[in-house]
Amino acid sequence: MPHSYYAAHLTTLRARYEEALEATGYDAVILPSGGQTYYHADDHAHPYHASAMAQQWLPFKLIPYLHILIRPQHKPVLFWPGQRDFWHVVHTVPEGEWQNGWDVQTVKDAGTALASASQGIGKVAWVGPDLPFTSQLTGVEMNPQSLIHHLNYQRACITHYEIDCLVEANKAGMQGHQAAKEAFLNGADEYEVYQAFLQGSRQLSIDEPYPGIVALNENAATLHYEQKSRTLPGESRTLLIDAGADYLGYASDITRTYTRENGLFGSLITAMDQLQQTLVQSATAGARFSDLHQQALKGIAIILQETGICTHSMEIQLEKRIPQVFFPHGLGHLLGLQVHDVGGHQQDPEGTLKPDPNAPFLRLTRSLQENMVITIEPGLYFIPMLLEKMIQDIPQHGCDLELIDTLKPYGGIRIEDNILVGRDTIRNLTREFSFD
Ligand code: GLY
Ligand code: MN
Ligand code: MN
């Protein structure tokens, strides 16, 4: 269970923060969990997600208005909001061994407590969302980029505790996917498939790490399709479901595509699944993620040629950028406390950013390192807008437009797993919970 590695995780975090503070010239940092925000002119709050920087430190889901003070050579301090309230649940400090590593203080007024705690300890940074009282914390520097770059860079390589959290997030996510697949095969509409996913993963929609994507038929061609239609289409051909689960603030991000038919679209799903698994095996330490993305484009070109969708060779397709018409997003991204976790373009702790000019949507351009967790999510879609653009912009595109017209009603395919990068091998956290 994640908690058994928590003490070691805390030791690692303390060492990393000490290094980052030293390198950037700060003596301490305050990490707020963040406050609630409200709809305009309303007393209802937006769904609350704690700031990832604070969540990483504690083995329970953070509540709003909690603060952490990190100072080298000192136990981390947790300022717990002391509430008196009969309108809402009053949260008490969770019990447990985690407290051994902390100085826990219950405070009525966080602003006053933090102003007093940050006096006389040198240069103090604040990393996280603003709160109404932060402007009154004199001498505290708000979100200094140099420190944030260091912390973001370090965060990409995760601890045993974090690996276990991601395993749990994948387990719950795959339980949801199994229920969703069954619902689809039983003839459910998008809304019902989504409800099945939530129930299978034992989540409320506000618990999800990102709003699940549940797309039937041509809706699968919208990459971030956000509707959940309550109407079943006349013929339910395809399900693309991209949905994950949360465990203690850590996210899984899983996509599966199913069809009821054995025709060409079914063969494309099989071919994409094989390509995805080949790419996954290449995601070991030292690999450049931009190269893996190129490998994915090559694999898609081969599939397009073998199925007669495009008559050109792989080389000519790459020259003409044909695979990008069918696969217009990146191969994957860092995954952890955030679904698209931070630092994917960052080449060093100082914050040198290097997006890939050939693949502007690629969220990860770093070379892979042991203990990074990434997604591998190649896709192949029939997107009318991009196909029209191809017809206009790419002379002799070589694509069989009539064949493509027969595939448009299926929307598209994406297959996405969460991969722990190892030195010579990988661990597929998602397929450990395969159900078919
Ligand atoms: N669920 C969003 C993504 O796969 O990146
Ligand atoms: Mn993803
Ligand atoms: Mn996804």
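Only the coordinates and a few stated rules stand behind these numbers; no lab work does. A quick note: this is a predicted structure, and the numbers were derived from the prediction, not measured. Note: ideal-geometry Cβ built from the backbone for every residue, glycine included; neighbour counts use all protein chains shown.
Quick notes on this one:
- Options Ala169, Ile68, Ala41, ranked by Cα towards positive dipole end of the chain, top entry (Cβ charges): Ile68
- Cα-projected label distance for His91 with Asn358, points at 7 Å along beta-carbon direction, nm: 4.6
- Rounded Å value of the spacing that divides the Cα centres of the range 1-71 and the range 174-191: 35
- For the range 1-152, the square roots a ≥ b ≥ c of the C-alpha gyration tensor eigenvalues yield an a/c of 1.5 or more together with a/b not exceeding b/c, which makes the shape oblate.
- Using R0 = 35 Å, the C-beta based FRET efficiency linking Thr425 and Leu185 works out to 0.55.
- Basic side chains Lys and Arg get +1 at the Cβ, acidic Asp and Glu get -1 at the Cβ, and with that the dipole of the chain about its Cα centre reaches some 500 debye.
- Residue among Leu407, Gly379, Gly330 farthest towards the positive dipole end of the range 324-436, charges placed on Cβ: Gly330
- Ranked from largest, the principal axis spans of the Cα set of the chain equal 72, 45, 43 Å.
- Each part gets one Cα centre, and for the range 236-252 versus the range 264-333 those centres are 23 Å apart.
- Here the range 1-66 is assigned +1 on the Cβ of each Lys and Arg and -1 on the Cβ of each Asp and Glu. Its dipole about the Cα centre then comes out at about 240 debye.
- Full extension of the segment from Asn100 to Ser282, taken as 0.36 nm per residue of separation minus the current Cα-Cα distance, would add 61.4 nm.
- In the chain, Cα pairs under 8 Å separated by at least six residues give a relative contact order of 15 percent.
- Basic side chains Lys and Arg get +1 at the Cβ, acidic Asp and Glu get -1 at the Cβ, and with that the dipole of the range 291-436 about its Cα centre reaches some 140 debye.
- Cleavage-rule hits, GluC sites (Glu not before Pro), the range 62-167, DSSP coil, Cβ neighbours within 10 Å at most 15: Glu95
- DSSP beta bridges fully contained in the chain are about 75 percent antiparallel.
- Rounded D (µm²/s) - the range 208-358, Kirkwood Rh over Cα pairs, Stokes-Einstein at 37 °C, 0.692 mPa s: 187
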